[in-house]
There are 2 protein chains.
Amino acid sequence: MKRGIIIFLISFCWCVTNGQVKSIQEKLGYPKNAKLVIIHADDLGVSHSENSASIAAMEKGSVSSASIMIPCPWLSEIAAYAQSKTRADLGLHITLTSEWKYYKWGPVSPQAKVPGLVNKNGFFYSSVDSVLQYATAAEVEEEIRNQIKRAFQFGIQPTHLDAHMGAVLSRPDFLKAYIKVGHDFRIPVFLPRQLETALKIKLDSMITDKDVIVEHILGASPEDFKRGMKNFYTKEIKNIKPGLTYLIIHTAYDDAEMKAITIDHDAWGAAWRQQDFNFFSSIECAKLLKQNNIYVITWKEIRDKITRQ
Amino acid sequence: MKRGIIIFLISFCWCVTNGQVKSIQEKLGYPKNAKLVIIHADDLGVSHSENSASIAAMEKGSVSSASIMIPCPWLSEIAAYAQSKTRADLGLHITLTSEWKYYKWGPVSPQAKVPGLVNKNGFFYSSVDSVLQYATAAEVEEEIRNQIKRAFQFGIQPTHLDAHMGAVLSRPDFLKAYIKVGHDFRIPVFLPRQLETALKIKLDSMITDKDVIVEHILGASPEDFKRGMKNFYTKEIKNIKPGLTYLIIHTAYDDAEMKAITIDHDAWGAAWRQQDFNFFSSIECAKLLKQNNIYVITWKEIRDKITRQ
């Protein structure tokens, strides 16, 4: 026992004196003050439109990472892509809600195991508020685990977990379950620093040095959409600071399928997603990132160099 | 007992002598030798493309009836339509298969209750052959009942039942279950006479006078599609004989969603469905039906004047 304590102390002192409390840039092998960004497309699997636009934006554009909604109807299409392109940075967009009017989905767990996650039709609730009202942390944990297992079953090796509509980040006990499952599977989880204010918690007390907290998050608001996406993204990219910035977008085509899915909902609607696709597939965007010395990184780097180190 | 037999004989003789063994035309109130046709669009609920084209073909074209796939992702959209247009002739396209490559669905029953209906991913099998290999009649009956109950839950009052890919018509015990459930809910079921040859059965021994057997079925084959749908349908409509003819079509748009669903599959693919839509929405089709003195009828007439009489 004594020997253990001595080894720990030596190791601790060595780390501090050798500057081993490294920044995320250093951990990932970038210059100490580098500006890192993950350009992240949410909602893959929701539709063919979302899948095909997001694949194009990753392959030909500047999108570096994306996440899949395992319970959604177009899972098989994106799973086939993930299997054929094992280098694609694809995580799981853990899903506890089904927000659109005429196009719905439910949990991958048997309904009897997660009664608090489903409405009378067996679908997820439309809003995070209803999840907060009816779900237990045990049900949330069960569903997260089953979404990961189903991803494996479909040949997907997730690079990370994140949160559709922030549902799994909406309550401390849900968040705890999400972090726990991430640890169990050694998959990094998206953890924005701003959760500390929202949930009145201290993230540092919930995590280990294998986790990464995202300090800066960027995403367009309905007001930014109204004012024009190109201007918004251009301005924000120019302002990116050293450290890790997480840029959340939604890439799909403004076609019949996506218009029908997002009917009666301008925010995050089909036209919005087309504008995200247009900007992040453009040469201007690639140039802008280069001119501003921004490193566009992936979750796989975080998984393999931090979480699984 | 004796009295019962006498009443039966009197009643039987009265029916025959009074011509009470009526033809379907007479039962429905049409001239004795009328040419009746149900122009029926299958596969509603499968996609937005299928829903929107089929609604247009019913409202503006010559399509008189359609049926909904309850387990499919776009159920909520077509259910909302059914609720708003209670006069639309909408039945249930009882579904036991999920045939497309990257776009799948499974049973509405809990999987534990119908293990023989699902593959390792929890989806229906792609082919009727697999259903025949793994499913029991009890599972088929359970799933049919649950699809009907789910239709009611979504505000749909089905005018009839029919069979996606003929799965529920593929074995005598499945057929028996399908007829039984139809009787229980007093919903007419689609029964083509040709089942007698295919299954080596006698339909008349399985039904009552509340059922209707369809003597003539029309539907394009892959060869007809290659030769051109317009010519095929024009020729077939001109040849329609007195009695009830059932014309099976699939109306959708040849758009990105439908192309992706039917990928690697020309037969009953997106272009095929667009051609069905084009013909049965055309003025030429409406004129042709009129010129040939054809009465385009609905399942609702059969339900209300025969099954529920």
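The values are calculated or read from the model by the stated rules, or taken from the named source; none is laboratory data. The structure displayed is predicted, hence computed values, not measured ones. Using ideal geometry, Cβ is built from the backbone for each residue, glycine included, and neighbour counts are taken over all protein chains shown. We work out accessible area using only protein heavy atoms, side chains counted, and drop any ligands, DNA or RNA first. Shrake-Rupley method; radii C 1.70, N 1.55, O 1.52, S 1.80 Å.
Remarks
- Sorted largest first, the spans of the alpha carbon positions of region A:148-228 along the three principal axes are 42, 33, 20 Å.
- Accessible surface of chain B, 1.4 Å probe, proportion on carbon and sulfur as whole %: 55 percent
- Net length gained if the chain between residue B:210 and residue B:267 were fully extended (0.36 nm per residue, minus Cα distance): 17.0 nm
- Distances between copies of residue B:29, taken at a point 7 Å out from Cα along the Cα→Cβ vector and listed shortest first: 8.0 nm.
- Relative to the other identical copies, residue A:132 shows label-point distances of 5.5 nm, where the label point lies 7 Å from Cα along the Cβ direction and values run shortest first.
- Label 7 Å beyond Cα on the Cβ vector: residue B:83 copy-to-copy distances, nm: 3.8
- With a Förster radius of 56 Å applied to the beta-carbon distance between residue B:121 and residue B:21, the computed FRET efficiency rounds to 0.65.
- Put simply, the convex hull of the Cα atoms in region A:87-137 casts, on average, a shadow of 4.7 nm².
- Once backbone amide H atoms are built at 1.01 Å from N, residue A:37 has A:245, A:295, A:296, A:297 as its partners under 5 Å, excluding neighbours fewer than 5 places away on the same chain.
- Rounded if a/c under 1.5, otherwise prolate or oblate - chain A, Cα gyration tensor axes: oblate
- Shape category assigned to the protein assembly as shown from the gyration tensor of Cα positions, a/c cut at 1.5: prolate
- When nucleic acids and ligands are ignored and a 1.4 Å probe is applied, residue B:40 ends up with an accessible area of around 0 Å².
- Highest-fluctuation residue, B:62, B:130, B:47 considered, GNM on chain B with Cα pairs under 10 Å: B:130
- Cα gyration tensor shape of region B:34-105, rounded if a/c is under 1.5, else prolate or oblate by comparing a/b with b/c: prolate
- For region B:87-184: span of alpha carbons on each principal axis (Å, largest first): 39, 30, 23
- Normalised by the number of residues in region A:77-198, the average gap of Cα pairs under 8 Å and 6 or more apart makes the relative contact order 30 percent.
- A 1.4 Å probe run over the protein assembly as shown, with the rest of the protein chains in place, finds 45 Å² accessible per residue.
- Whole-number percent relative contact order across chain A, with pairs defined as alpha carbons under 8 Å at least 6 apart: 25 percent
- Calculated from backbone phi, Karplus (6.51, -1.76, 1.60) coupling profile of region B:31-40 in Hz, x at Gly/Pro: x, 3, 9, 5, 8, 9, 9, 9, 9, 10
- The GNM of chain A, with springs linking C-alpha atoms under 10 angstrom apart, assigns the highest mean-square fluctuation among A:188, A:242, A:107 to A:242.
- Ellipticity estimate at 222 nm from DSSP helix runs (n ≥ 4, -39,500 (n - 2.57)) divided over chain A, nearest 500: -12500 deg cm²/dmol
- Partner shielding of B:62-73 amounts to 1, given as the average count of beta-carbon atoms from other chains within 10 Å of each residue beta-carbon.
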